[in-house]
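The values are calculated or read from the model by the stated rules, or taken from the named source; none is laboratory data. These numbers were taken from a predicted model, which means no experiment stands behind them. For neighbour counting, all protein chains shown are included, and Cβ atoms are generated from backbone atoms with ideal geometry for every residue, glycine included. For accessibility, only protein heavy atoms count, side chains too; no ligands or nucleic acids. Shrake-Rupley method; radii C 1.70, N 1.55, O 1.52, S 1.80 Å.
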Amino acid sequence: MSSDSSHYMFKHHPETCDPDDHWGQVKRTINGKPVSPEQIALIVTTIKNGLSLAGDDVLLDLCCGNGALTTHLFESCRGGLGVDYSDFLIGVANQRFTRGPSERYRLADALDYVRTESDPQAFTKILCYGAFPYFSHDAAHGLLQGLSERFDRATHLFLGQMPDKTRMKAFFADRDPAPGEEDDPASLLGIWRTPAELAALAEAAGWTARCERMPAHFFASHYRFDAVLTRS
């Protein structure tokens, strides 16, 4: 998949969806159909537990999409900020999912935002769900290092839905991946990493990673893992 097609998939695909198809807009789907409420509830519970999200926390959600997932998390804390580079999705977030001044959504590139946020100490927990594999190796390191150095009050960082390189065969059951596909951030699932590789990337940026798998009944548990990062 080319960079252009990957860019289209995340920035322009949402505009082709029904305005009320919030999960379709962010491609949280199975065979093109939105995942079930039970699957969403499992995702929300897993993130809350991984972040140890509490009522006095302020959450930063990087690559938040349209806020359909973020809004469930804001319910369990003091609110926070969602950041995404799609003006369409941020428009949906601000129109459909903002419930008060403590819940904000901003149009910005995630890495640029991390480097320029004027009040990084405002946030105590950070989430990046489903988007981290689409950062290049250099950008991924820069993101983790920027969060470690500038957002120094944040105790936990949750990276959701990492494609697991040790389980590629479980995903590519009907075809062989193209040469280098597993290392291409513009490919269908972005960069595939082993849990050990993700842990090494996190450690180089000042974090300690604990990699976890979703229960077997989660739709992507056979080829993905989550990572909870805490400060080294």
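Can you tell me how many residues within segment 104-131 are closer than 19 Å to CYS77 by Cβ and charged (D, E, K, R)? Step through it out loud before you land on a result.
First pass over segment 104-131, keeping only residues closer than 19 Å to CYS77 by Cβ: 104-106, 117, 119-129.
Next, from what is left, pick out any that are charged (D, E, K, R): 104, 106, 117, 119, 125.
Going through segment 104-131 one residue at a time, the tally reaches 5.
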Given the options GLY180, GLY146, name the one that is free of Cβ contacts under 8 Å to residues at least 24 places away in the same chain and open to solvent by less than 50 Å² (accessible area, probe 1.4 Å).
GLY180
Strands (runs of 3 or more DSSP E) contained in segment 46-107 and holding at least 1 residues closer than 27 Å to GLU212 by Cβ:
59-62, 80-84
Could you give me the residue pairs with C-beta distances under 7 Å whose first residue belongs to segment 193-209 and is at negative phi, whose second residue is crowded, with 21+ Cβ neighbours inside 10 Å and in a helix (DSSP H, G or I) wherever it lies, and which are 6+ apart or on separate chains?
LEU201/ALA140; LEU201/LEU144; ALA202/LEU144; ALA205/LEU144; TRP207/LEU144; THR208/ALA202; ALA209/LEU198; ALA209/ALA202
Criterion violated by ALA110 - all others in (1) at pLDDT 95 or above; (2) more than 16 Å from GLY160 (Cα to Cα) satisfied:
(2)
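Could you please give the count of residues in segment 54-68 that are open to solvent by 10 Å² or more (accessible area, probe 1.4 Å) and either at negative phi or of a type in the set (Ser, Thr, Tyr) (or both)?
6
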Residues of segment 60-72 being out of contact with any Leu (no Cβ under 6 Å at 6 or more places or on another chain) and not hydroxyl-bearing (Ser, Thr, Tyr), in sequence order, are LEU62, CYS63, CYS64, GLY67, ALA68, LEU69, HIS72
Single unsatisfied condition, ALA139 versus (1) more than 17 Å from the chain's Cα centre (by Cα); (2) more than 21 Å from ILE43 (Cα to Cα):
(1)
Members of segment 147-178 that are part of a helix (DSSP H, G or I) and more than 21 Å from ALA196 (Cα to Cα):
GLU149, ARG150
If I go through segment 40-53 residue by residue, how many of them are buried (at least 18 other Cβ atoms within 10 Å of the Cβ) and among the polar types (S, T, N, Q)?
1
Looking only at segment 78-123, which residues are open to solvent by 20 Å² or more (accessible area, probe 1.4 Å), within 22 Å of SER148 (Cβ to Cβ) and touching a strand residue (DSSP E or B) at 6+ places or on another chain (Cβ under 6 Å)?
ARG106, ALA108
